[in-house]
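Below: one structure, written as C-alpha cells.
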Amino acid sequence: MLSRSRISLFLLIAVVLAGFVSTTTAAFDNPKARKPPRAKPHRRSAGESLPPLPLPATPLRRSERKRQPAPPALIGMITLTGPRFVIKDGRRVRADQFPTTQIDIERMTNYANRRLGIHYRYVSTTLKKFSWDPVELPLLYITGWTPMPKLSDETLDNLRRYIYDGGTLIVHAQCGRAEFVRTARREIARLFPDRQLSPIDTDSPLFRSYFRITTMRVRKDHEPFKSMPPYLEAIYMGCRPAVIFSPIDLNCGWNVARNPIKGGILYHQDDALALGVNIITCALANLKYARAFASEKIYHQQAQKTRDELVIGQIVHNGDWDPTPHALPNLMKFITANTTLNVQFKRAQVNLADKSAFDHVALYMTGLRDFKFSQAEIARLRTYLASGGVLVADAAAGRKAFDVAFRRELKRVLPKAELKPVALDSPLFESPFKIRTVDYTDAAKAAHPNLNAPSLLGIYIDGSLAVIYSTHSLGNGWERIPYAYNIGYADNDALRLGVNIFAYAVTH
C-alpha cells in the first residue's frame, strides 16, 4: 500500500487539479503572454573615424554597437507550430496556433546562472530546425496553455531518439491549464507507450540536488497559498528522469503572490525558481551518464536455448524494474573472468505470476520507485524461496522509495521473517573474493562518512541465505557508468560483491 503521506499528496493534487478543470471551458487570457522577453544585451564601443566629406580632417568620435559573444546553449525552447492569420475587427492579424511564452525559461536560466556560477543560455528553435543532437541542446523545453498539437510519427521518432541519446525533455503547463495537461499526457504516452509517466518520489535528486525542497506553495486563482510536497512527474531512462512533466505552472517569471491569475494554478515564484535550479543541476550532473547510457549492451546469447549454465532471471514488476540495464552483462563478464561458473550471456525476464521463476537458481530484482506484488506473485515467490531459490535485490541508486516498497512486499511474502545484517564471517564474503572492506560512492560517503564495510541484509531459510538485499546500489556499480547521485558501492567493489553473491546462490 502507498504510505499515508503519498496518498495525501496525490489526493491534494487531484483535488487542486479537479477543482481547476471547471474553469477551463471559457476563453483564457494568459497575462504572462503579454510580457515580452527582455531585449538581448549589447555594448557600445567607442572609436575614431573620419567624417564624411567635405573635411575638416579632424577625426570624429563615434560609438558602434557590438554583439556580445554568446554563451553556450543549454536549453532549446520548442515552438511547435508557426503563425497563422485571422480576420479580427476587419483586419488581418497574426494568431499563433500554439502560443507559448519565454518569461519562465528566461528567468529560470538567468537565476540558475547566478546561483550555480555557470554561463549558459536558452535558445528558441523549431522541430524542423533542430538537429536532434543532445550535444547541441541537452535540454528541450515545451510550454503552453492551449491544447498541445498532435505530433507526427516522424517527430516522435526523432524526439525518442534524442532522449535515448541523452537528451532531456521538460514539459510545463502554463498556468496549470487542464487542456494543455491532458494533451501533453497524450503526446508523452505516444512518445513512450511502454513506459509510465508517474509522480517522482520526494527523495529524488530533483528535490535535493542544490536546494533541499520539502514543501512548495501553490496558488489557484485568488485563493490563499497552500503548502504541499513538491510534485513532478517523470519517465526514466536508467536512473535519470529523461522526461519531466509539471502539471502545475513552474512559475519562474510571474509574481503570483501580488498578481494572481484567474483560472490559473501556479507555484510561488521563489519555490519554482528553486525547483528550476534543481532541474538544471540534475541535467548538468547527468550529462555524462546520459550519453554513456545511450550505448546499449547486448546479451549475445539471448536467442540461444537455455543450456546447463547460469542464466540470471530478472523480476519484472509494476515499478521501474530495469533502471540499470547495462548491469548484468558486465557482471556476467566479471563472473566468467573470476570464477569457474558457466554463465550463459542472456537475461530472462521473469514474471512471478507464471512458473518461469523455477527455471533459475537465483532471481534478481531492482527498482527506483514504489511497486506492489499481486497475490499470485506473492504466492509464487514464497514457494520459490521455500524450494531453495535465492532472491538477490538492491535499491537502484540507493533510492529510498524502492527500499520502502521492497521491505513492505517482502513482509507480505515472508510475514514471520526479518531482514538482518549478513555477518562479515559469512561464506558470502569469503569466496571467490575475501571481502572485509569496500569503497562506496561519493554520494554514499556524504551520507555516511565512516562507512567502509560491506552492508548486506538477508533472510535465512534452512540455514542458507534465501534473500540477499542491499540498500546501497550494486547494479549502478556493475554498469560502470558514472552517475553522480548513486548511493551505492564503488564500481570494482560492487562487481566483487556481485560475483560473491551469485557464487553463493549457486553453491548453497
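Rule-based calculations on the coordinates, nothing more; no lab input. Model, not experiment: these values are computed from the prediction. Cβ sites come from the backbone with ideal geometry, for glycine too, and all protein chains shown count toward neighbours.
Here are a few things to note about the model shown:
- Other-chain or far-sequence residues with amide H under 5 Å of ALA353's (modelled H): none
- ³J(HN,Hα), Karplus 6.51/-1.76/1.60, whole Hz, each residue of the range 434-439, x for Gly, Pro: 8, 10, 10, 10, 9, 9
- Calculated SAXS-style log₁₀ I(q)/I(0) at q = 0.10, 0.13 Å⁻¹ - the range 310-507, Debye, Cα scatterers: -0.36, -0.63
- Protection proxy ranking, peptides 316-323, 188-195, 252-259, 138-145, average beta carbon neighbours within 10 Å, highest first: 138-145, 316-323, 252-259, 188-195
- Here the dipole of the range 310-507 is about 300 debye; that uses its Cα centre as origin and unit charges on the Cβ of Lys and Arg (positive) and Asp and Glu (negative).
- The magnitude of the dipole of the range 406-508, with charges of +1 and -1 set on the Cβ of Lys/Arg and Asp/Glu and taken from the Cα centre, is near 320 debye.
- Sorting 199-212, 266-279 by average packing, meaning the other beta carbons within 10 Å per residue, from highest down gives 266-279, 199-212.
- Residues whose amide H lies under 5 Å from that of GLY488, counting only those 5 or more places away or on a different chain, are THR441, ALA444, SER473; hydrogens are built 1.01 Å from N in the peptide plane.
- In sequence order, calculated HN-Hα J values of the range 145-159 (Karplus, 6.51, -1.76, 1.60; Hz; x Gly/Pro): 10, 9, x, 6, x, 6, 7, 6, 4, 5, 5, 4, 4, 5, 5
- Note, ³J(HN,Hα) from phi for the range 479-494, Karplus 6.51, -1.76, 1.60, rounded to Hz, x at Gly and Pro: 5, 6, 10, x, 10, 4, 9, 7, 9, x, 7, 4, 3, 5, 6, 4
- Per-peptide packing, taken as the mean over residues of other Cβ atoms within 10 Å, places 73-79, 475-481 in the sequence 475-481, 73-79 from highest down.
- Ordering ILE461, ALA447, LEU428 by the projection of their Cα atoms onto the charge dipole of the range 310-507, which places +1 on the Cβ of Lys and Arg and -1 on the Cβ of Asp and Glu, puts ILE461 at the extreme positive end.
- Counting Lys and Arg as +1 and Asp and Glu as -1 over every other residue whose Cβ lies under 11 Å from the Cβ of ALA490, the net charge comes to -1.
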